[in-house]
Amino acid sequence: MGVRILPFVVAALLSVIVLFTPQSGVPTAPPGTDKVVHFLLFALLMATGRYARLPLTPLLAGLICYAAVSEVLQWLITPLRRGGDVLDGLVDVAGIGLGYLVTRSVTRSVTRSVTR
């Protein structure tokens, strides 16, 4: 793994900040922005996890669990004044899918160009 893990660690730390910042610290934004942020954040987690060469099955399972647990925690930790949202969890999973598809496409592209 080596230094390849660093982008994943940074993305994971960023996700903790984004997902668990109290509502009072979240800037106002147009409707739907929250869903876009969730989607891109989880795509980033998957992409950087694949870049770090983390095994796919544990990475996928871990990110799906993290998506679910983060929503439950947002709902349970009342001082955050945030609410868990099933739709956010689904958007997280869609972002994981995008991250996988992008990294698979890039990997195939690189593999084809190296073998030529």
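In the set Thr33, Thr48, only one residue is at pLDDT below 95 and among the hydroxyl-bearing types (Ser, Thr, Tyr); that residue is Thr33.
Considering the conditions (1) at pLDDT below 95; (2) among the acidic types (Asp, Glu); (3) closer than 18 Å to Ala11 by Cα, Asp92 is excluded by exactly one of them, (1).
In contact with a Phe, Trp or Tyr (Cβ under 9 Å, 6 or more places away or on another chain) and more than 26 Å from Ser105 (Cβ to Cβ): which single residue out of Gly84, Gly49, Gly25 fits that description?
Step by step, each of Gly84, Gly49, Gly25 is checked, and only Gly84 is in contact with a Phe, Trp or Tyr (Cβ under 9 Å, 6 or more places away or on another chain) and more than 26 Å from Ser105 (Cβ to Cβ).
For segment 16-40, the candidate set comprises residues that are without any contact (Cβ under 8 Å) to a residue 40 or more places away in the chain and touching a helix residue (DSSP H, G or I) at 6+ places or on another chain (Cβ under 7 Å); within that set, the residue that is surrounded by the fewest Cβ atoms within 10 Å (Cβ to Cβ) is Val18.
Filtering segment 78-107 to residues that are more than 18 Å from Val36 (Cβ to Cβ) and buried (at least 18 other Cβ atoms within 10 Å of the Cβ) leaves Leu80, Tyr100, Thr103.
When restricted to residues that are among the β-branched types (Val, Ile, Thr), without any contact (Cβ under 8 Å) to a residue 24 or more places away in the chain and under 15 Å from Leu44 (Cα atoms), segment 65-116 contains 1. Does Leu19 satisfy being at pLDDT 95 or above and either more than 9 Å from the chain's Cα centre (by Cα) or not small (Gly, Ala, Ser) (or both)? Considered against the rule, which asks whether it is at pLDDT 95 or above and either more than 9 Å from the chain's Cα centre (by Cα) or not small (Gly, Ala, Ser) (or both), Leu19 comes out as no.
Could you list, in sequence order, the residues of segment 51-77 that are closer than 17 Å to Pro22 by Cα, of a type outside the set (Ser, Thr, Tyr) and either surrounded by 15 or more Cβ atoms within 10 Å (Cβ to Cβ) or at pLDDT below 95 (or both)? Answer for segment 51-77, where residues must be closer than 17 Å to Pro22 by Cα, of a type outside the set (Ser, Thr, Tyr) and either surrounded by 15 or more Cβ atoms within 10 Å (Cβ to Cβ) or at pLDDT below 95 (or both): Glu71, Val72, Leu73, Gln74, Trp75, Leu76, Ile77.
When Leu80, Leu76 are screened for being touching a helix residue (DSSP H, G or I) at 6+ places or on another chain (Cβ under 9 Å) and closer than 22 Å to Gly25 by Cα, only Leu80 passes.
The values are calculated or read from the model by the stated rules, or taken from the named source; none is laboratory data. Computed from a prediction, not measured in an experiment: that's the story for all the values here. Virtual Cβ from ideal backbone geometry, glycine too; neighbours counted across all protein chains shown.
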